[in-house]
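Readers should treat all values here as calculations from the given coordinates under stated rules, not as data from a laboratory. Quick caveat, the model's predicted, so the values are computed rather than measured. So basically every Cβ, Gly included, is an ideal-geometry build from the backbone, and we count neighbours across all protein chains shown.
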Amino acid sequence: MADGTFAVLMLVLGLTDMTRNHCGTETGCFGRSDVTPRVAFSGGEVLERRADPASEIYLRYDLGHKRGPFGSAAGLSIGENGETWIGFGQTYKIDISDRFFAELHSMPGLYFDNGGFDLGGPIAFRSGVELGYENRQGWRFGLSYDHRSNAGIYDENPGVETVQFRVSVPTR
């Protein structure tokens with residue numbers, strides 16, 4: 001499940017949720033609603049598949065609003081060998097219970113290998129899933145799994161997967 005499946009899953013679940021819960025409201029299907037902005041820090045490992053295992057740190061900022069069921073986020077990651085990815089995209093959160101959640105994300109961006117792992121070109125898409133827990137103060141702790149690749153827009157499309165532990169803090 002590492003080839004854009006998370007992006008498709010996010011789209012299908014989000015559009016289903018939008019149709020059921022957002023389109024009949026005054027604001028419409030993509031109506032704007034406020035949510036708590038948050039900054040997330042995570043660290044983890046690129047998995048050995050086509051790339052060598054290596055550490056990565058990731059910073060993400062979730063904006064303080066949604067459009068329908070979709071949140072917006074900006075991210076920046078830096079790998080152990082200098083690989084850098086920066087992007088912007090959508091998130092979709094599923095509440096499993098009071099405190100537990102799953103969140104899907106899909107974010108197009110720019111990738112610079114900087115002498116590290118080559119993803120085939122400068123445009124790279126990051127999609128994934130996070131399973132986590134939110135405490136009473138709004139801090140979230142989660143385990144995330146994501147995939148980055150160029151979605152086949154270049155001749156070579158090796159792709160990488162990352163597993164990370166994420167801490168997300170509300171900023172207001």
Count, please, the residues in region 11-54 that happen to be touching a Gly at 6+ places or on another chain (Cβ under 7 Å), surrounded by 14 or more Cβ atoms within 10 Å (Cβ to Cβ) and free of Cβ contacts under 8 Å to residues at least 40 places away in the same chain. 3
Pick from TYR133, TYR111: which is without any contact (Cβ under 8 Å) to a residue 40 or more places away in the chain, over 23 Å from HIS22 (Cβ atoms) and either surrounded by fewer than 19 Cβ atoms within 10 Å (Cβ to Cβ) or among the basic types (Lys, Arg) (or both)? TYR133
Could you pull out the residue among SER127, SER168, SER97, SER77 that is under 18 Å from LEU11 (Cα atoms) and of a type in the set (Gly, Ala, Ser)? SER127
Is there a residue in region 89-109 that is of a type in the set (Asp, Glu), farther than 18 Å from ILE57 by Cβ and assigned to a strand (DSSP E or B)? yes
All positions within region 66-78 that are within 16 Å of the chain's Cα centre (by Cα) and assigned to a strand (DSSP E or B): LYS66, PHE70, GLY71, SER72, ALA73, ALA74, GLY75, LEU76, SER77, ILE78
